[in-house]
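The values are calculated or read from the model by the stated rules, or taken from the named source; none is laboratory data. This is a predicted model, so every value here is computed, not measured. Reconstructed Cβ throughout: ideal geometry from the backbone, glycine too, with neighbour counts over all protein chains shown. What goes into the accessible areas is simple: the full protein's heavy atoms, side chains included, and nothing from ligands, DNA or RNA. Shrake-Rupley method; radii C 1.70, N 1.55, O 1.52, S 1.80 Å.
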Amino acid sequence: MKLWLTALWGACRDLAPIVAVILVFQLLVLQQGIPNLNEVLLGFICVILGLTLFVQGLELALFPMGERLAYAFARKGSLFWLLLFAFLLGFGTTIAEPALIAVAGKAADIAAGAQLIQSDEAAKKYYANGLRLSVALSVGIAIFLGVLRILRGWPLPYMVIGGYAMIQVLTPFAPESIIGIAYDSGGVTTSTITVPLVTALGVGLASSIAGRNPVIDGFGLIAFASLLPILFVMVYGMVVLP
C-alpha cells in the first residue's frame with residue numbers, strides 16, 4: 001500500500017506544474033472560468049490514476065522483463081536470436097504505439113484534404129498504414145543496429161552524427177509535404193511502449209557483457225529509434241507522393 005501511495009503522490013507532484021500553468025493562464029491572463037469544470041476534474045483524476053498505474057507497471061513488469069530477456073540472450077550466446085529479437089522488439093513496440101497511430105491517421109486526413117492522396121477511406125488507410133509500417137521497420141532496424149553497437153563497442157557519437165548527416169542530405173530531395181511528418185515521426189515512436197522495453201534491453205545487455213559499461217554503452221538505443229524513422233518516412237514520401 002505504501003508503494004502505491006508513494007507512486008500516487010509522485011504522479012500528483014509531476015502533474016502539479018501543468019495544472020498550475022493552466023490555472024494561471026486561464027484565470028489570471030485570460031480571466032475566464034474553466035468550462036466543464038466537472039469533466040476537467042474527472043479527466044485530471046483519470047490522468048493521475050493512469051500515470052500512477054503506468055509508472056508502477058514499468059517498475060514491476062516492463063523494465064525487469066526487458067533486463068531479464070537481455071541477460072537470457074547474453075547467456076545463450078546466440079547472435080542471430082539476439083539480433084532477431086532486437087529487430088522484432090523495435091518493430092512490434094512501434095507498430096503498437098498509440099502516438100504513432102494517432103499521428104499517422106491525422107497525416108492521412110491532412111494529405112487527403114490537400115489532395116495529395118485520394119480522399120476515400122481506403123486511400124487514407126493505405127497511406128496511414130504505410131507510414132506506420134515505415135516507422136516500425138525503421139525502429140526495428142534501429143534497435144538491431146543499437147544492439148550490434150553494444151556488442152561491438154562502436155562509438156555512439158559517430159553513428160548518430162552520420163545518421164543526421166544522411167538526413168540533411170536526403171531532406172532536399174523529399175517531398176515538402178512529408179518533411180514535417182518525417183521529422184515528427186522520430187519523436188512519436190519513442191513513447192510509452194517503446195522506451196521502457198528498449199531502454200531495459202540496452203541497459204541489461206550492457207550489464208551482462210564483460211567490458212561494457214551500462215552507463216556508457218547501455219543507453220543510446222532511443223537515439224537510433226528517433227533518427228532512422230526520419231530517413232524512412234522521407235523515402236516513403238518520395239515513393240508514394242507526387
> Across region 13-31, what is the number of residues that are part of a loop (DSSP other than H, G, I, E, B) and either open to solvent by less than 70 Å² (accessible area, probe 1.4 Å) or in contact with a helix residue (DSSP H, G or I) (Cβ under 6 Å, 6 or more places away or on another chain) (or both)?
Replying inline: 0
>> more than 12 Å from the chain's Cα centre (by Cα), under 22 Å from E97 (Cβ atoms) and of a type in the set (A, V, I, L, M, F, W, C): which single residue out of F173, F219 fits that description?
In response: F219
> Could you say whether any residue in region 227-239 is open to solvent by 40 Å² or more (accessible area, probe 1.4 Å), touching a Phe, Trp or Tyr at 6+ places or on another chain (Cβ under 9 Å) and either part of a helix (DSSP H, G or I) or over 19 Å from M65 (Cβ atoms) (or both)?
Replying inline: yes
> Do the conditions hold for G202, that is, is it within 30 Å of M238 (Cα to Cα), open to solvent by less than 50 Å² (accessible area, probe 1.4 Å) and in a helix (DSSP H, G or I)?
Replying inline: no
> Which condition does S119 not pass, out of (1) assigned to a loop (DSSP other than H, G, I, E, B); (2) buried (at least 16 other Cβ atoms within 10 Å of the Cβ); (3) touching a Gly at 6+ places or on another chain (Cβ under 8 Å), if it passes all the others?
Replying inline: (2)
> Can you name the residue in region 131-155 that is part of a helix (DSSP H, G or I) and open to solvent by 60 Å² or more (accessible area, probe 1.4 Å) and, of all such residues, is nearest to A210 (Cα to Cα)?
Replying inline: R152
> Restricting attention to region 78-97, which residues are touching a residue at least 60 places away in the same chain (Cβ under 8 Å) and within 12 Å of L201 (Cα to Cα)?
Replying inline: L82, L83, A86, L89, G90
>> So, in region 103-115, how many residues would count as being surrounded by fewer than 21 Cβ atoms within 10 Å (Cβ to Cβ) and in contact with a helix residue (DSSP H, G or I) (Cβ under 6 Å, 6 or more places away or on another chain)?
In response: 2
> Can you find a residue in region 208-223 that is open to solvent by 30 Å² or more (accessible area, probe 1.4 Å), over 21 Å from Y71 (Cβ atoms) and either at pLDDT 80 or above or not in a loop (DSSP other than H, G, I, E, B) (or both)?
Replying inline: yes
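Can you tell which of L62, L69, L100, L58 is closer than 26 Å to D217 by Cβ, open to solvent by less than 40 Å² (accessible area, probe 1.4 Å) and in contact (Cβ under 8 Å) with a residue 40 or more places away in the chain? Explain how you work it out, then say what you get.
Values: L62 fails: open to solvent by less than 40 Å² (accessible area, probe 1.4 Å); L69 fails: open to solvent by less than 40 Å² (accessible area, probe 1.4 Å); L100 fails: closer than 26 Å to D217 by Cβ.
When all the criteria are applied, what remains is L58.
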>> Exactly one condition in (1) in a helix (DSSP H, G or I); (2) open to solvent by less than 40 Å² (accessible area, probe 1.4 Å); (3) of a type outside the set (D, E, K, R) is false for Y158; which is it?
In response: (2)
